[in-house]
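Colleague: One structure, pasted below without further comment.
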Amino acid sequence: MLAVVLESKGVVALRDFGVEEHLGPNDVRIAISHVGICGSDVHYFQHGNIGDFVVREPMVLGHEASGTVTEVGASVIHLQVGDTVCMEPGIPDFSSIETLEGMYNLDPSVRFWATPPIHGCLRESVVHPASLTFKLPENVSPEEGALVEPVSIGVYSAKVAEIEPADTALVIGAGTIGLVTALGALASGCSQVIVSDIKEEKLDLVRKFYGNKLVCINSAKENLLEAVQKVAPRGVDILFEASGAPDVLKDFTRYVCPGGKAVLIGMPVGPVLFDVVGAQAKEISIKTIFRYRNMYPRTLNLISSGALEVKPLVTHRYEMRDAVEAFRFAASAPADAIKVMVSL
Ligand code: ZN
């Protein structure tokens, strides 16, 4: 079948590629319709690795997908041929202790699409566990379906933060994950959400689509603490750290109110310093997340109800035949792009 293959560092090809897949009784086969290009896909393309995950053999890219069910396994009852669906890209060992305890995203043996050596989903079809495949509500388009993956990170961050009605929040980092986190926080009950970044172009994009909902601050030009205090004089109830920048992690505690919370989402490249006493003096609860779990149904409901408006996130569209060009474009880090989407 036709697939977008990362041959080696810096080399992407659209070509025929065989992936051996067997449709088990609890699986469905899905014809892929949309795949969003993620920062991780671009990172593997440019660097050939993310930390210890190294691309050693040709690997199909892509993990943010939607499609149409074309075949169902004998034991599948909640899906039918013709259903439009989106899929969770991480397949855990269903009998691991982590999975049995409900933390399947933390299963060390999870097989995550386009994380070497596991092939991704930028190909004509995939076989996938039905339990990780979710039917789209009628008013959610396949393109929106492919956004459920990154948006679930934002919704999960909001859940982990245990947002209370009318909480205030600061999201540091206005990339795709920072933006979906800000939207997730609003949809989950925050009254005011500030988004900060040091790149004006990123904030311009956020302002363009969500300026009526989010307060945007360029922390390279404005004093972020003063800006926060205008919205929340004692500091915000919740800080979402989505930059992974050591400079931010060093002293994020000053933006949080006494008794507040911080959720660490951004991944610094290595260990970083941080102000322990600053956190202790305010009894800040520091939480971390890794991907998400059990978020797809909630995210779909928020999109379907209109609480989460995701359509503006797709800024650039390519067809499968131009997928290599789509990767080159995404890798050039264009200032006006949020999500680059490939349709099949
Ligand atoms: Zn992603």
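The values are calculated or read from the model by the stated rules, or taken from the named source; none is laboratory data. As the structure is a prediction and not an experimental result, all values here were calculated from the model. Because the Cβ atoms are built from the backbone with ideal geometry, glycine has one as well, and the counts that use them run over all protein chains shown.
Colleague: Please go through (1) in the same structural domain as GLU20 (by TED's automatic domain parsing); (2) within 16 Å of the ligand (Cβ to nearest atom) for GLY184 and return the number of the only condition it doesn't satisfy.
Modeller: So GLY184 meets the others, but not (1).
Colleague: If you scan the stretch 292-308, which residues turn out to be part of a loop (DSSP other than H, G, I, E, B) and touching a Leu at 6+ places or on another chain (Cβ under 9 Å)?
Modeller: Taking the stretch 292-308 and keeping what is part of a loop (DSSP other than H, G, I, E, B), we get 292-295, 306-308.
ARG293, ALA307, LEU308, listed by residue number.
Colleague: For the stretch 30-137, which strands (runs of 3 or more DSSP E) that fit wholly inside it have 1 or more residues that are of a type in the set (Lys, Arg) and away from the ligand (no atom under 16 Å from the Cβ)? Give the steps one after another, and end with the answer.
Modeller: Working: elements: 64-72, 84-87, 125-129, 133-135.
Of the strands (runs of 3 or more DSSP E) lying wholly inside the stretch 30-137, those with at least 1 residues that are of a type in the set (Lys, Arg) and away from the ligand (no atom under 16 Å from the Cβ) span 133-135.
Colleague: What number goes with the only condition from (1) more than 16 Å from the ligand (Cβ to nearest atom); (2) in a loop (DSSP other than H, G, I, E, B) that ARG15 does not pass?
Modeller: Condition not satisfied by ARG15: (2).
Colleague: Among the residues of the stretch 123-171, count how many are among the charged types (D, E, K, R) and either more than 30 Å from LEU2 (Cβ to Cβ) or in contact with a His (Cβ under 6 Å, 6 or more places away or on another chain) (or both). First the steps, then the outcome.
Modeller: So in the stretch 123-171, the residues among the charged types (D, E, K, R) come out as 123-124, 135, 138, 143-144, 149, 159, 162, 164, 167.
Next, from what is left, pick out any that are either more than 30 Å from LEU2 (Cβ to Cβ) or in contact with a His (Cβ under 6 Å, 6 or more places away or on another chain) (or both): 143, 159, 162, 164, 167.
Going through the stretch 123-171 one residue at a time, the tally reaches 5.
Colleague: Let me ask something else. Would you be able to tell me the number of residues in the stretch 237-259 that are over 20 Å from THR176 (Cβ atoms) and of a type outside the set (D, E, K, R)? Write out each step before concluding.
Modeller: The first filter runs over the stretch 237-259 and keeps only residues over 20 Å from THR176 (Cβ atoms), leaving 237, 246-247, 250-259.
With the extra rule that they be of a type outside the set (D, E, K, R), the set shrinks to 246, 252-253, 255-259.
Here the count works out to 8.
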